[in-house]
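As structure tokens, the structure follows; a few thoughts come after it.
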Number of protein chains: 2
Amino acid sequence: MSTKVTIAELTGAIRNIPDFPKPGIQFKDITPVLGDARLFAGCVDLLAANFESGSVDAVVGIDARGFIFAAAAAYKLGAAFVPVRKKGKLPFGTFEQSYDLEYGSNTLALHVDALKPGSRVVLIDDLLATGGTAVAAVALLRRFQANVLEVDFFIELGFLKGRDQLTDVPVRALVVY
Amino acid sequence: MSTKVTIAELTGAIRNIPDFPKPGIQFKDITPVLGDARLFAGCVDLLAANFESGSVDAVVGIDARGFIFAAAAAYKLGAAFVPVRKKGKLPFGTFEQSYDLEYGSNTLALHVDALKPGSRVVLIDDLLATGGTAVAAVALLRRFQANVLEVDFFIELGFLKGRDQLTDVPVRALVVY
């Protein structure tokens, strides 16, 4: 399937929710995009646009919304799907990587057998904010000497400058605020 | 894409993890299936096997592992993707449905505008255990007078008899223990 949608259509379907999950935050609700079959397929196609089927070994997705785009892109590209999850969720041995939050910290985990050394991987997440999550995920992928072809986001909050943290990988976002 | 895999191959790739997340539980780790491009695609194809592209309005997935199969199946079928999440995660107005756990309870939520009345939907989750989650999810779908065509699971723990709770929908599982 190849479905053409425009960035303007995607942007128009994103719903702004003021003060979620806490006062002052303008939450970008992507469910109206997911809930439109054409927009969802088109969004996946745009996220995977730089790759041909068979040219990627694994698409890596971050729990939980990242799973949605990454799993669909993995299927489209004929690639494996590899989940990055919060510490404690993956049942087998894991590599772990912590990163700072505004208050406190968070730890991401990846199974120690998730990738073969040198695998060609694409990391897809729904949102690039401060970049902490993505930087930690890329650090986990480096444990496998993975070839991180690209890190793709549906939405980038440009004013948070998360892209500046991702210095050693190509970064692409479909919709930038 | 159409990728043929056998149930024996899928079963062989599921990894049993004793005593996770707590003593006495034999956790079924599906990441080796996801991590094999051919098995992942084949598993998605089998989950969606009863439907043709365009015959399903939405594939509904349950947070978080359910998102993986459901999103890929939605993409394959040209359907929308609708996430069912734990209460508090979805930013817009929600319908909610609680269900009992062994100790305590859990509440699932679905956006009030997630589906048009009468939508043809398929619910996909990774695991059918006691059935509490799936029953609650189907109850949420009924709030939209949805036409629940099928509820599909990758794995069914048959000895927990969750299928007996899902009396009013067709239920299918690929691998049954």
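Check B:Val60: other-chain or 5+ apart residues with amide H under 5 Å from its amide H, H built from backbone geometry?
Answer set, sorted by chain and number: B:Val82, B:Val122, B:Leu123, B:Ile124.
In a solvent-free Debye calculation with one equal scatterer on each Cα, what is log10 I(q)/I(0) for the protein assembly as shown at q = 0.07, 0.11, 0.15 Å⁻¹, listed in the order of the q values?
-0.27, -0.70, -1.41
Using each residue's phi in region B:96-103, evaluate 6.51 cos²θ - 1.76 cosθ + 1.60 at θ = phi - 60° and report the 3J(HN,Hα) Karplus result to the nearest Hz, with x for Gly and Pro.
10, 9, 9, 8, 7, 10, 4, 10
Using helices alone, what [θ] at 222 nm do you get for chain A, with -39,500 (n - 2.57) per DSSP H run of 4 or more residues, divided over all residues and rounded to the nearest 500? List each step's numbers first, then the result.
Details: 5 runs with 46 residues, N = 177.
Only helices count here, giving -7500 deg cm²/dmol.
Between A:Ile25 and A:Tyr103, what is the spin-label point distance in nm, taking each point 7 Å from the Cα along the Cα→C-beta axis?
Going from the A:Ile25 label point to the A:Tyr103 one covers 1.2 nm.
Just to check I understand the Karplus step: with θ = phi - 60° and J = 6.51 cos²θ - 1.76 cosθ + 1.60, what whole-Hz values come out for region B:146-161, glycine and proline as x?
With the stated coefficients, region B:146-161 comes to 5, 8, 7, 5, 6, 10, 10, 10, 5, 10, 10, 8, x, 5, 8, 6 Hz.
Mean-square fluctuation check for chain B, GNM, Cα pairs under 10 Å: which of B:Pro91, B:Pro32, B:Pro117 is largest?
Most flexible of the set in this elastic network: B:Pro91.
Given label points at 7 Å from Cα along Cα→Cβ, what nm distances, shortest first, separate B:Arg143 from the same residue in every other copy?
Distances between equivalent label points, in nm: 3.9.
Please identify, among A:Gly54, A:Gly132, A:Gly158, the residue showing maximal mean-square fluctuation in a Gaussian network model of chain A using a 10 angstrom Cα cutoff.
Answer for the Gaussian network model of chain A: A:Gly54.
For chain A, what does the equivalent ellipsoid look like in terms of its semi-axes, each the square root of 5 times an eigenvalue of the Cα gyration tensor, given largest first in whole Å? List each step's numbers first, then the result.
On the way: eigenvalues 116, 91, 38 Å².
Semi-axes, largest first: 24, 21, 14 Å.
How large, in percent, is the carbon and sulfur part of the accessible surface of the protein assembly as shown at a probe radius of 1.4 Å? List each step's numbers first, then the result.
Details: 7710 of 14780 Å².
Carbon-and-sulfur percentage of accessible area, whole number: 52.
Normalise the Cα radius of gyration of region B:1-60 by 2.2 N^0.38 Å (N = residues in it) and let me know the number. Could the numbers behind the result be given before it?
Values: Rg = 14.4 Å, N = 60, 2.2 N^0.38 = 10.4 Å.
So region B:1-60 has a normalised radius of gyration of 1.38.
Taking 23 Å as the cut-off for C-alpha to C-alpha distance, list the pairs among A:Lys86/B:Lys22; A:Lys76/A:Lys161; A:Lys89/B:Lys87 that go past it. Spell out each step's value before the answer.
Details: A:Lys86/B:Lys22 17 Å; A:Lys76/A:Lys161 30 Å; A:Lys89/B:Lys87 19 Å.
From A:Lys86/B:Lys22; A:Lys76/A:Lys161; A:Lys89/B:Lys87, over 23 Å: A:Lys76/A:Lys161.
Please report, in debye to the nearest 20, how large the charge dipole of the protein assembly as shown is about its Cα centre when each Lys and Arg carries +1 at its beta carbon and each Asp and Glu carries -1 there. If you can, show how the numbers build up before the last one.
Numbers: 36 positive and 38 negative charges, 21 e Å.
Value, rounded to 20: 100 debye.
Placing +1 at every Lys and Arg Cβ and -1 at every Asp and Glu Cβ, with all other atoms neutral, what dipole size does chain B have around its Cα centre, in debye to the nearest 20? Mind showing how you got there, number by number?
On the way: 18 positive and 19 negative charges, 46 e Å.
Using Cβ point charges on Lys, Arg, Asp and Glu, chain B gives about 220 debye.
Where only protein heavy atoms count, and the probe is 1.4 Å, what is the accessible area per residue for region A:51-176 in Å²? If you can, show how the numbers build up before the last one.
On the way: 4960 Å² over 126 residues.
Roughly 39 Å² per residue, with all protein chains present.
Taking chain B as a Gaussian network, Cα atoms linked when under 10 Å apart, which of B:Gln145, B:Gln97, B:Gln26 shows the biggest mean-square fluctuation?
So, out of B:Gln145, B:Gln97, B:Gln26, the one fluctuating most is B:Gln26.
If each residue of separation counts as 0.36 nm, what is the full-extension length gain between B:Asp113 and B:Arg142 once their alpha-carbon separation is subtracted? Could you put the intermediate results ahead of the total?
Values: separation 29, 0.36 × 29 = 10.44 nm, distance 1.33 nm.
The B:Asp113-B:Arg142 span can extend by a further 9.1 nm.
For the pairing of chain A with chain B, what total accessible surface becomes buried, with a 1.4 angstrom probe, in square angstrom to the nearest 100?
Values: alone 8920 and 8940 Å², together 14780 Å².
Rounded to the nearest hundred, the buried surface is 3100 Å².
The values are calculated or read from the model by the stated rules, or taken from the named source; none is laboratory data. All of these numbers come straight from a predicted model, not from anything done at the bench. A quick note on method: Cβ atoms are made from the backbone with ideal geometry, for glycine too, and the neighbour counts reach across all protein chains shown. Note: accessible area is taken over every heavy atom of the protein model, side chains too, but ligands, DNA and RNA are not part of it. Shrake-Rupley method; radii C 1.70, N 1.55, O 1.52, S 1.80 Å.
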